[in-house]
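Take a look at the structure below.
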Amino acid sequence: QIGAQRLALGHHRDDALETLLLNMVHQGTMKAMPARYVASRGVDVIRPLMYCAEDDLREYAARLEFPILPCNLCGSQPAGKPSQRQGAKQLLHFLDAFGGDGEDVRENMLRALSDVRP
């Protein structure tokens, strides 16, 4: 309606990796969020925070006193039951430990995503 040619989304590195894990486990596909693509209507979709870690963004927002708006997109889970995305977060923490000292598991996984289709 406003003629915009570009849409910027706020997904970060950990969102992309969680999505990859969820798709692998539940769909059997190697799909994830690309940092940039052209949508079917010709709109350029970008994710400028794709290479930023969630913890770094949280720390930066706290330092600058940005308000954090709650995300209720995954709020359809029954009370007391962790969401699938929370499980993916836990799996990423396990993979961090599995990688050992000096390994940046999440950076390596993100680099591997460069060949994965959207």
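The values are calculated or read from the model by the stated rules, or taken from the named source; none is laboratory data. Every value quoted in this text rests on a predicted model; they were computed, and no experiment measured them. All Cβ positions, even for glycine, are placed from backbone atoms using ideal geometry, and neighbour counts span all protein chains on display. Surface accessibility is based on the protein's heavy atoms, side chains included, excluding ligands, DNA and RNA. Shrake-Rupley method; radii C 1.70, N 1.55, O 1.52, S 1.80 Å.
When you scan region 21-30, do you find a residue that is under 20 Å from residue 104 (Cα atoms) and at pLDDT below 95, even just one?
First pass over region 21-30, keeping only residues under 20 Å from residue 104 (Cα atoms): 21.
Next, from what is left, pick out any that are at pLDDT below 95: 21.
Yes, that holds for at least one residue.
Consider residue 13 against the criteria (1) open to solvent by 30 Å² or more (accessible area, probe 1.4 Å); (2) touching a Leu at 6+ places or on another chain (Cβ under 7 Å): it satisfies all of them except one. Which criterion is unmet?
(1)
Within region 40-54, is even one residue of a type in the set (A, V, I, L, M), open to solvent by 100 Å² or more (accessible area, probe 1.4 Å) and closer than 30 Å to residue 1 by Cβ? Walk me through it before giving the result.
Residues of region 40-54 of a type in the set (A, V, I, L, M): 43, 45-46, 49-50, 53.
Narrowing further to those that are open to solvent by 100 Å² or more (accessible area, probe 1.4 Å): none.
No; the residues of region 40-54 include none that is of a type in the set (A, V, I, L, M), open to solvent by 100 Å² or more (accessible area, probe 1.4 Å) and closer than 30 Å to residue 1 by Cβ.
Looking at region 31-56, which of its residues are farther than 19 Å from residue 18 by Cβ, touching a strand residue (DSSP E or B) at 6+ places or on another chain (Cβ under 9 Å) and assigned to a loop (DSSP other than H, G, I, E, B)?
Answer for region 31-56, where residues must be farther than 19 Å from residue 18 by Cβ, touching a strand residue (DSSP E or B) at 6+ places or on another chain (Cβ under 9 Å) and assigned to a loop (DSSP other than H, G, I, E, B): 39, 43.
In the set 63, 58, which member is open to solvent by 30 Å² or more (accessible area, probe 1.4 Å) and at pLDDT 95 or above? Walk me through it before giving the result.
Details: 58 fails: at pLDDT 95 or above.
Result of the check over 63, 58: 63.
Inside region 24-35, can you point out the residues that are farther than 16 Å from residue 86 by Cβ, surrounded by fewer than 17 Cβ atoms within 10 Å (Cβ to Cβ) and without any contact (Cβ under 8 Å) to a residue 60 or more places away in the chain?
24, 27, 28, 29
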